[in-house]
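Everything below concerns the one structure shown next.
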Amino acid sequence: MIIKKRFLAGLLCLLFSTHSWSSDFLMVIGAGGEEAKEDTIFDGAIKNIGDYVKRTPGVKVDVAMNGGHSKTVALINDSFPTAASKSDFLASDYQRLIQSYKLKLENNEMVAGDQLMIYVDSHGAEKEKNFKSHRIATSAGAATNLNTLQGASLVDLDQLEVLKKLAKDKGVKMAIIDASCHSGNSLALADDNTCVISGTGPNHYGYGTFSQNFSAAMKKGKSLEDIFLEARAMDNTPGLPMISTQSGQAVNSLIYDKITPYLYHFDDTNDKLMPYIQENNSAYQQCMADGNFNSLIATINSIEVINSVSKKVLWWTTKTKDIDLTNLKELLGKYKNSLDLVTTKMREIGSERLKKEETFDVSASVGNFATAWKQNYSWKDLITSDFNKLILTMQERINAETNNSNRTTLEAMKSLYTKAQTKKEELLRTEPDLATIPAKEVEVKKLIESNYFTNSAIATEERKLYSALYKNSQKTQSPTQPNPCQSFKL
Amino acid sequence: MRFIISITLILLNSPSVFSQDWTGISDCGTYKVSGVARSAKNGLVIVVNEKSKSEVTINVPLQNEALLAPYVDMALEASLIFTKKSQGSKVEGTIKEIKSRVPNPINPMDTGIKLISKAKCK
């Protein structure tokens, strides 16, 4: 009899539990800003998200991704056969989807208990002043600079705020997974109803592996917080995946700024390390960096102590570390010494002076033809260029040129090179050491012991630190505080 | 064994095995170009894959040469716009962005032309 009652109660609970009647909505957007080729760097995550949708019946999905990459297009078609809509990811597609979900929320097609996940996997730009979060690349254009996304057409994620507010009013749980570069900026969109997870920190590049790990770990019944922690622990790329939970925010404020430079590496094309060193090479900033480093080491030491177990054997006590972060401390120390050396050398040679720019008014007229424009040269350009040789070559071309229009431009360029040479001579007279800086800079760059692999090693160890700090923080969080990342279950 | 070694040596000495065959600008749009700036008879040019079978010379508009001037005889990376399709080893593009490049000493063939985004030809 008791068993029968329990069975009926269980059945009723199952029938009336909110989740069993609620609907899950998924908006997948991105894969923009890629250069012209058959595939994109987002393909791994696209396949994984598609696999999740296939094995989870009932998920209503809209896909706006890519545009123009044939293999990726085929992959999207294969991965999302049941999608309600599939399109390129142009600014108009983004607006259309936001409008469509806005209407669903307003018209009660999405109701309390439903869940909306917006999965963003694209190239992401650094934060700009006018935005709360940041902008991401659409499929129009290709990014040639991974910091500014110059060359790509962008849309801002602040526009998701309208859905966030409506979802909260309607009791619809919401999540934004932003796997793009600089996605830590999207944590600004989180509130007590919206969980935000980012593939990296606000000032770091993101790497495809976090998104791939995260999407591969997406299984029905799991909470977003659990998926995040699982995916983060597996990732060894030099980004810093983040989550908007109280514990996540607590850990971010404890370590993010301090560990930031140690996850930067020197890169010829998209470098974050050299600009960081150049912006932080004053004696005061060096002092701040020392303070931050010591504070980081103190944090690591304290988490090791918290997780140590004391054992009394006969008359002495031994301490065993449950979490051993010795390797992390060694890697950070070694890397810091290398960065300090470079910073000191950069300060000594005063290389920031080479960034100064001079503007030259260029003009010339020959017969009825006239031309005028402004040309900027940095001090480095002026110091390293052989303008006298350029002037000679230009004179030979002027002598050989019969077309007056072309002669005008050539005369203007000769006058530009002459002015530039005069400025160069003036600079070398007033600051004679400038001439030696470019060669010294090359030597200094050789001192940087950092590369992607150094950062990956630090990142691998950082995962252990983050997990320990996160678990420790969870113990101190109030269970009554809403945690949308835990209550959002797939 | 000797036969295998000779075949390997022949293959290694043949530049065509390693150099990408250049067919010209078949799509208009933005290209990422890694090469070196040189002062040629008719002005400053960008040379890609210099001294190889796939050497390409890119001429730039006259006024654009002012951007190229600080990079003469230096390795550079530039974003160029090509508005016309063209065949052969001499092409013309407009510089959108340019910066110096650190050449890879163990891979002197780290230069090249890569299509970034397509655009309509003019």
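May I ask you to verify whether A:LYS355 is under 34 Å from the mean Cα position of the chain (by Cα) and over 30 Å from A:LEU469 (Cβ atoms)?
Spelling it out, A:LYS355 is indeed under 34 Å from the mean Cα position of the chain (by Cα) and over 30 Å from A:LEU469 (Cβ atoms).
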remark   = Checked against (1) within 14 Å of chain A (Cβ to nearest Cβ); (2) at positive phi; (3) polar (S, T, N, Q), B:ASN49 satisfies every condition except (1)
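Here is a yes/no grid of residues against (1) crowded, with 19+ Cβ neighbours inside 10 Å; (2) in a strand (DSSP E or B); (3) at pLDDT 85 or above:
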{"site": "B:PHE3", "(1), (2), (3)": "no, no, no"}
{"site": "B:LEU9", "(1), (2), (3)": "no, no, no"}
{"site": "B:LEU12", "(1), (2), (3)": "no, no, no"}
{"site": "B:VAL17", "(1), (2), (3)": "no, no, no"}
{"site": "B:THR23", "(1), (2), (3)": "no, no, no"}
{"site": "B:ASP27", "(1), (2), (3)": "no, no, yes"}
{"site": "B:LYS32", "(1), (2), (3)": "yes, yes, yes"}
{"site": "B:GLY35", "(1), (2), (3)": "yes, yes, yes"}
{"site": "B:SER54", "(1), (2), (3)": "yes, no, no"}
query = How many residues does region A:164-198 contain that are over 14 Å from A:ILE118 (Cβ atoms) and buried (at least 24 other Cβ atoms within 10 Å of the Cβ)?
reply = 4
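Which of the strands (runs of 3 or more DSSP E) found entirely inside region A:56-171 contain at least 2 residues meeting this: closer than 27 Å to A:GLN212 by Cβ and within 14 Å of chain B (Cβ to nearest Cβ)? Full working, then the answer.
Details: elements: A:60-65, A:85-87, A:115-121, A:135-141, A:152-156.
Answer list for region A:56-171: A:135-141, A:152-156.
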request  = From the list A:ALA179, A:ALA231, A:ALA175, A:ALA250, pick out the single residue that is within 21 Å of A:VAL53 (Cα to Cα), over 17 Å from the mean Cα position of the chain (by Cα) and small (Gly, Ala, Ser).
outcome  = A:ALA175
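Return yes when A:ILE383 is away from chain B (no Cβ under 11 Å), in contact with a Lys or Arg (Cβ under 8 Å, 6 or more places away or on another chain) and not in a strand (DSSP E or B) and no when it is not. Walk me through it before giving the result.
Numbers: away from chain B (no Cβ under 11 Å): no; in contact with a Lys or Arg (Cβ under 8 Å, 6 or more places away or on another chain): yes; not in a strand (DSSP E or B): yes.
Spelling it out, it is not the case that A:ILE383 is away from chain B (no Cβ under 11 Å), in contact with a Lys or Arg (Cβ under 8 Å, 6 or more places away or on another chain) and not in a strand (DSSP E or B).
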remark   = Those residues of region B:104-122 that are more than 10 Å from chain A (Cβ to nearest Cβ), under 13 Å from the mean Cα position of the chain (by Cα) and at pLDDT 85 or above come to a total of 2
task = Could you tell me whether any residue of region B:53-74 is of a type outside the set (Lys, Arg), touching a helix residue (DSSP H, G or I) at 6+ places or on another chain (Cβ under 7 Å), more than 8 Å from chain A (Cβ to nearest Cβ) and in contact (Cβ under 8 Å) with a residue 12 or more places away in the chain?
result = yes
key: Complete set of residues in region A:387-411 that are under 22 Å from A:TRP373 (Cβ atoms) and either among the charged types (D, E, K, R) or not in a helix (DSSP H, G or I) (or both)   = A:ARG397, A:GLU401, A:ASN403, A:ARG407, A:GLU411
task = Only one of these is surrounded by 20 or more Cβ atoms within 10 Å (Cβ to Cβ) and charged (D, E, K, R): A:LYS424, A:LYS471. Name it.
result = A:LYS424
task = Check A:GLU358 against each of (1) in contact (Cβ under 8 Å) with a residue 60 or more places away in the chain; (2) buried (at least 20 other Cβ atoms within 10 Å of the Cβ); (3) not in a helix (DSSP H, G or I) and name the one condition it does not meet.
result = (2)
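The values are calculated or read from the model by the stated rules, or taken from the named source; none is laboratory data. Just so it is clear, the structure is predicted and the values come from calculations on it, not from any experiment. Here Cβ is always computed from backbone atoms with ideal geometry, including for glycine, and neighbour counts include all displayed protein chains.
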